[in-house]
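Enquirer: Attaching a single structure in structure tokens format; questions to follow.
The values are calculated or read from the model by the stated rules, or taken from the named source; none is laboratory data. Just so we're clear, the structure is a prediction, and the values are computed from it rather than from any experiment. No Cβ is skipped: glycine too gets one built from the backbone with ideal geometry, and neighbour counts run over all protein chains shown. Heavy atoms of the whole protein, side chains included, go into the accessibility calculation; ligands, DNA and RNA do not. Shrake-Rupley method; radii C 1.70, N 1.55, O 1.52, S 1.80 Å.
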Amino acid sequence: EVQLLESGGGLVQPGGSLRLSCAASGFTFSSYGMSWVRQAPGKGLEWVSGLSGSGISTDYADSVKGRFTISRDNSKNTLYLQMNSLRAEDTAVYYCAKRGGANQFDYWGQGTLVTVSS
Amino acid sequence: QSVVTQEPSFSVSPGGTVTLTCALSSGSVSTSYYPSWYQQTPGQAPRTLIYSTNTRSSGVPDRFSGSILENKAALTITGAQADDESDYYCVLYMGSGIWVFGGGTKLTVL
């Protein structure tokens with residue numbers, strides 16, 4: 001059974017940093033691209049960042065480019081999102097999602113809440 | 001980045017049929033964008049319904065179907081049920097590892 005478990009969310013001041021983790025199990029982690037998708041309170045889903053199975057290829061939404069860094073440790077089956085220079089508008093539930101065939105997101109974690117506030 | 005637009009809200013009667021759409025600001029939606037659809041209820045993670053335009057995810061009832069209609073991706077629910085009341089999101093794959101979600105449609109069944 002595929003499982004994705006996010007952690008690392010919390011309250012951080014504007015301008016601060018936070019690192020999210022997503023522990024994966026139930027599949028060959030290194031064979032699949034992964035993404036982070038966020039959802040601000042009461043708002044829709046927003047794709048934030050993704051990377052290839054090897055971790056070599058990374059991509060970002062314009063809204064986070066230059067501030068967020070996605071990475072993975074395939075030896076630990078874990079995905080990361082390093083978030084720097086956080087803004088109030090980064091407040092959201094952050095989901096990790098597995099990239100499936102045909103460019104879908106076939107499995108999702110339950111999310112971790114990040115609140116940026118003074 | 002391109003903007004993906006969905007109807008903000010829609011209403012359907014129990015047993016009725018509804019079609020939600022997903023449009024692209026820069027032009028027509030085609031199968032090359034691998035449109036996929038996700039259902040989300042409050043407090044829950046999204047659930048995959050449809051991928052690659054019209055392929056149902058495992059366990060998804062056949063009352064859900066996907067297509068391309070008039071240059072938009074479309075999700076049709078035939079014989080709507082009360083527990084179909086949810087938020088529905090489409091997402092388009094723009095290539096080069098980039099996805100763009102639509103704003104979502106809040107579906108009411110009443």
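Enquirer: Could you compute how much accessible area chains A and B hide from each other, both sides summed, with a 1.4 Å probe? Nearest 100 Å² is fine.
Expert: Chain pair A/B: roughly 1800 Å² of buried accessible area.
Enquirer: On to the next question. Using a Gaussian network for chain A with springs between C-alpha atoms less than 10 Å apart, which of these wobbles most: A:GLY33, A:GLY15, A:GLY42?
Expert: In the Gaussian network model the winner is A:GLY42.
Enquirer: For the pair A:ARG67/B:THR31, report the inter-label distance in nm, with labels modelled 7 Å from Cα in the Cβ direction.
Expert: 4.0
Enquirer: Report, in whole Å, the centroid distance computed from the Cα atoms of segment B:62-94 and segment A:86-118.
Expert: About 22 Å separates the Cα centre of segment B:62-94 from the one of segment A:86-118.
Enquirer: Need one number: nm distance between label points at A:SER17 and B:ASP83, each 7 Å from Cα along Cα→Cβ, rounded to one decimal.
Expert: My value for the distance between the label points is 4.5 nm.
Enquirer: Please identify, among B:ILE98, B:ILE68, B:ILE50, the residue showing maximal mean-square fluctuation in a Gaussian network model of chain B using a 10 angstrom Cα cutoff.
Expert: Per the Cα network of chain B with a 10 Å cutoff, B:ILE98 tops the list.
Enquirer: Let me ask you something else. No solvent, one uniform scatterer per C-alpha: report log10 I(q)/I(0) for segment B:1-54 via the Debye equation at q = 0.22 1/Å, two decimals.
Expert: Log10 I(q)/I(0), no solvent term: -1.09.
Enquirer: Just the accessible area for A:TRP108, please: 1.4 Å probe, Å², rounded to the nearest 10?
Expert: Estimated to the nearest 10 Å², A:TRP108 gives 30 Å².
Enquirer: Something else now. Summarise the long-distance tail of P(r) for segment A:1-109 by giving the % of C-alpha pairs beyond 20 Å.
Expert: The answer is 34 percent, as a whole percent.
Enquirer: Determine by what factor the alpha-carbon radius of gyration of the protein assembly as shown differs from 2.2 N^0.38 Å, reporting the quotient.
Expert: 1.00
Enquirer: To the nearest 20 debye, what charge dipole does chain B have about its Cα centre, counting +1 at the Cβ of each Lys and Arg and -1 at the Cβ of each Asp and Glu?
Expert: For this selection, approximately 180 debye.
Enquirer: Net charge near B:LEU107, counting Lys/Arg +1 and Asp/Glu -1 over other residues with Cβ under 15 Å of its Cβ?
Expert: -2
Enquirer: In debye to the nearest 20, how big a dipole does segment A:9-87 give about its Cα centre with +1 on each Lys and Arg Cβ and -1 on each Asp and Glu Cβ?
Expert: 180
Enquirer: Also, I was wondering about something else. For chain B, set up a Gaussian network in which alpha carbons nearer than 10 Å are linked by springs, and say which option among B:SER36, B:SER58, B:SER28 fluctuates the most.
Expert: Of B:SER36, B:SER58, B:SER28, the most mobile in the Gaussian network model is B:SER58.
Enquirer: Pop the C-beta distance of A:GLN110 and B:GLU70 into the FRET formula with R0 = 45 Å and round what comes out to the nearest 0.05.
Expert: 0.80
Enquirer: Mind jotting down a quarter of the surface of the convex hull over the alpha carbons of chain B, in square nanometres, one decimal?
Expert: Projected area, direction-averaged: 6.6 nm².
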